[in-house]
1. Just checking, how many residues over region 78-129 are of a type in the set (Ser, Thr, Tyr) and within 12 Å of GLY26 (Cβ to Cβ)?
2. Does PHE81 qualify as being closer than 20 Å to SER22 by Cβ, aromatic (Phe, Trp, Tyr) and either open to solvent by less than 70 Å² (accessible area, probe 1.4 Å) or touching an Asp or Glu at 6+ places or on another chain (Cβ under 7 Å) (or both)?
3. Quick one: in region 12-21, which of the residues that are open to solvent by 50 Å² or more (accessible area, probe 1.4 Å) and at pLDDT below 95 is nearest to the chain's Cα centre (by Cα)?
4. Hand me the list of strands (runs of 3 or more DSSP E) wholly inside region 26-84 holding 1 or more residues that are at pLDDT below 95.
5. When you scan region 36-63, how many residues do you find that are touching a Leu at 6+ places or on another chain (Cβ under 6 Å) and open to solvent by less than 50 Å² (accessible area, probe 1.4 Å)?
6. Hey, any hits in region 147-156 for a residue that's surrounded by fewer than 12 Cβ atoms within 10 Å (Cβ to Cβ) and within 23 Å of ASP88 (Cα to Cα)?
7. Taking the stated definitions as given, is TYR66 surrounded by 14 or more Cβ atoms within 10 Å (Cβ to Cβ), of a type in the set (Phe, Trp, Tyr) and within 18 Å of the chain's Cα centre (by Cα)?
8. Among (1) in contact (Cβ under 8 Å) with a residue 60 or more places away in the chain; (2) surrounded by fewer than 20 Cβ atoms within 10 Å (Cβ to Cβ); (3) within 18 Å of ASN31 (Cα to Cα), there is one condition LEU134 misses while meeting the rest; what is its number?
Amino acid sequence: MVNHIPNSTLPDVEIVETFTDSINVGEKGRNSIRIIKYRVFDDTYLIIKFYIKQAGQWLLQNTYQYETNASMGLQPDIRDFNNDQLNDITIIAATAARGANEVRRLFIYDAQAKQLVSIVNAEDYPNMRYNPELDCIDAFLVHGGSSTIFAKIKGDSLKTFASVHNDLYRTVYKIDADGNEQLIRKDTIITPDDIYIRYKNFDPLREY
């Protein structure tokens, strides 16, 4: 449930928005998340608290706090991002330079540790989604052209393993564990409409 708090008096400190869920994130009925977006003077922060239910009581498992420049609401998106059949969550975390790039912070539920893991570099992967074809997360970046980035969750980070970049050319890369790129395809793009295409696979190249 999202609550938007009126912002008419502009006090020095105020809660801007809250979100609570105890049904959908993690293990249903056993986990709860509460997110508070608040302002202190001209700075805005997020607090994320994650709980587990034991013996009928909610016990705090995680607390995260971040500064944010996002002017829009939290817009929580609850879904399974790592194919473990348990729901994770993303929230709007920043305002991107280009409006087409929606920047979110990703929190993955770790069933073994019974905790919510903050993916530290998730904001580098705008417009992220779970990709069932490659069992990964892909992102779509809009710049002078566009890029589709494919990444795996490794611990508390996303690790890129392939990418497709469209501008004057379409270039496809594989990326090894050390971050070294290997060009596997390069084509000339003839039609401008082909520049802003998102892909669900890079080898073979397949569009959404």
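The values are calculated or read from the model by the stated rules, or taken from the named source; none is laboratory data. This structure is a prediction, so every number in the text was calculated from the model and none was measured. As a convention, Cβ positions derive from the backbone with ideal geometry for all residues, glycine included, and neighbour counts pool all protein chains shown. Ligands, DNA and RNA are excluded from the accessible area calculation, which covers all protein heavy atoms including side chains. Shrake-Rupley method; radii C 1.70, N 1.55, O 1.52, S 1.80 Å.
1. Kept after step one, since they are of a type in the set (Ser, Thr, Tyr), are these residues of region 78-129: 90, 95, 109, 118, 125.
Cutting the leftovers down to within 12 Å of GLY26 (Cβ to Cβ) gives us 109.
Number satisfying all stated conditions: 1.
2. Numbers: closer than 20 Å to SER22 by Cβ: yes; aromatic (Phe, Trp, Tyr): yes; either open to solvent by less than 70 Å² (accessible area, probe 1.4 Å) or touching an Asp or Glu at 6+ places or on another chain (Cβ under 7 Å) (or both): yes.
Criteria met by PHE81.
3. Of the residues in region 12-21, the ones open to solvent by 50 Å² or more (accessible area, probe 1.4 Å) are 12-13, 15, 20.
Then drop every residue that is not at pLDDT below 95, which leaves 12-13, 15.
Numbers: ASP12: 30, VAL13: 28, ILE15: 23 Å.
Within region 12-21, the match that is nearest to the chain's Cα centre (by Cα) is ILE15.
4. Details: elements: 31-40, 43-54, 57-68, 77-79.
Fully inside region 26-84 and qualifying: 31-40, 43-54, 57-68.
5. 4
6. Looking only at region 147-156, we keep the residues that are surrounded by fewer than 12 Cβ atoms within 10 Å (Cβ to Cβ), and these are 154-155.
Applying the additional criterion that residues be within 23 Å of ASP88 (Cα to Cα) yields 154-155.
Yes, region 147-156 contains a residue that is surrounded by fewer than 12 Cβ atoms within 10 Å (Cβ to Cβ) and within 23 Å of ASP88 (Cα to Cα).
7. Numbers: surrounded by 14 or more Cβ atoms within 10 Å (Cβ to Cβ): yes; of a type in the set (Phe, Trp, Tyr): yes; within 18 Å of the chain's Cα centre (by Cα): yes.
Yes.
8. (3)
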